[in-house]
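K.L.:
The structure's right below; bear with me while I get my questions together.
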Amino acid sequence: MPDLLNGPKIHFTSKEEGETSLMPIPRNKTMARSAGNPRKTQAHKSLSRDICRRLKELRGERGWSLDALSKASGVSRSMLSQIERYQANRTVVVMFRIAKAFDMSLGQFVETPGATSGLAIIRTSERAYHYHSDKYCQIRTLSPLHLEKDVEFYEVTLQPKGALRSSPHFQGTREFLTVQNGSVRVESAGDAEDLEPGDSASYRADVRHAIVNIGRNAAKLFLVDIYC
């Protein structure tokens with residue numbers, strides 16, 4: 001990310017009617033809540049089992065005991081054992097530490113061995129990627145949930161009077177926004193600009209920032225977060 005210890009990056013809290021608030025998730029929180037959704041696909045379950053097997057295989061290739069891997073990664077022996085037996089929910093922090101112990105990126109660590117396709121498809125019908133939805137704001141993540149995230153890609157729909165207000169993200173974070181439909185105002189610290197369809201903006205996201213629908217119709221935009 002490179003600072004994956006700060007991920008995943010955001011969660012949502014209730015605000016005044018018409019507003020959605022985003023805040024950084026504390027470091028010990030799990031990956032996006034949707035990962036535990038009972039509707040998650042069989043593919044996600046298969047991926048989790050592959051990660052468990054991969055951990056055991058990598059440890060075996062290096063001749064490491066659980067104690068040795070625990071010392072190298074900073075992850076407890078009991079947690080490592082539970083992961084290998086598919087009995088623990090893995091946080092992105094834990095997975096990052098394990099990957100670093102094997103001198104791998106998180107993306108390399110979670111790669112499914114023997115995969116036959118390099119394509120990762122996110123279907124619009126996949127509920128696990130419908131990240132947030134309320135009366136005024138709908139957010140769908142367009143980034144694969146299981147991959148290393150130094151970039152996150154979202155589709156955001158704001159209804160009239162809707163606003164997406166964010167607490168500061170992690171130091172150095174920037175957002176890039178493109179408006180597809182509607183009119184919005186982008187606010188970052190003390191700066192603000194109005195955007196129309198086709199307009200784009202980039203701005204600091206390590207300060208308080210917001211996207212506000214200022215039009216009479218729904219606004220759809222694409223949002224990219226880049227973490228340093």
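K.L.:
Quick one: in the range 74-92, which of the residues that are surrounded by fewer than 20 Cβ atoms within 10 Å (Cβ to Cβ) and in a helix (DSSP H, G or I) is modelled with the lowest pLDDT?
P.N.:
Restricting to residues being surrounded by fewer than 20 Cβ atoms within 10 Å (Cβ to Cβ) and in a helix (DSSP H, G or I), the top hit is Glu84.
K.L.:
Looking at the range 98-109, which of its residues are surrounded by fewer than 20 Cβ atoms within 10 Å (Cβ to Cβ), at pLDDT 85 or above and part of a helix (DSSP H, G or I)?
P.N.:
Correct list: Lys100 only.
K.L.:
Something else now. When only residues in the range 148-195 that are within 21 Å of the chain's Cα centre (by Cα), assigned to a loop (DSSP other than H, G, I, E, B) and not polar (S, T, N, Q) count, which is farthest from Leu106 (Cα to Cα)?
P.N.:
The residue in question is Pro168.
K.L.:
Give just the number: which of (1) surrounded by fewer than 17 Cβ atoms within 10 Å (Cβ to Cβ); (2) within 20 Å of Gly18 (Cα to Cα); (3) in contact (Cβ under 8 Å) with a residue 24 or more places away in the chain does His209 not satisfy?
P.N.:
Condition not satisfied by His209: (1).
K.L.:
Here's something else I'd like to know. Is the range 197-205 home to any residue that is assigned to a strand (DSSP E or B), closer than 23 Å to Val93 by Cβ and either of a type in the set (Ser, Thr, Tyr) or more than 15 Å from the chain's Cα centre (by Cα) (or both)? Full working, then the answer.
P.N.:
Here is the first cut: in the range 197-205, the ones assigned to a strand (DSSP E or B) are 200-204.
With the extra rule that they be closer than 23 Å to Val93 by Cβ, the set shrinks to none.
Within the range 197-205 (the criterion being assigned to a strand (DSSP E or B), closer than 23 Å to Val93 by Cβ and either of a type in the set (Ser, Thr, Tyr) or more than 15 Å from the chain's Cα centre (by Cα) (or both)), the answer is no, since none of the residues qualifies.
K.L.:
Can you name the number of the only condition in (1) among the small types (Gly, Ala, Ser); (2) under 30 Å from Ile51 (Cα atoms); (3) outside any loop (DSSP other than H, G, I, E, B) that Ala210 fails?
P.N.:
For Ala210, the exception is condition (2).
The values are calculated or read from the model by the stated rules, or taken from the named source; none is laboratory data. The shown structure was predicted, so the numbers you read here are calculated from the model rather than taken from an experiment. A quick note on method: Cβ atoms are made from the backbone with ideal geometry, for glycine too, and the neighbour counts reach across all protein chains shown.
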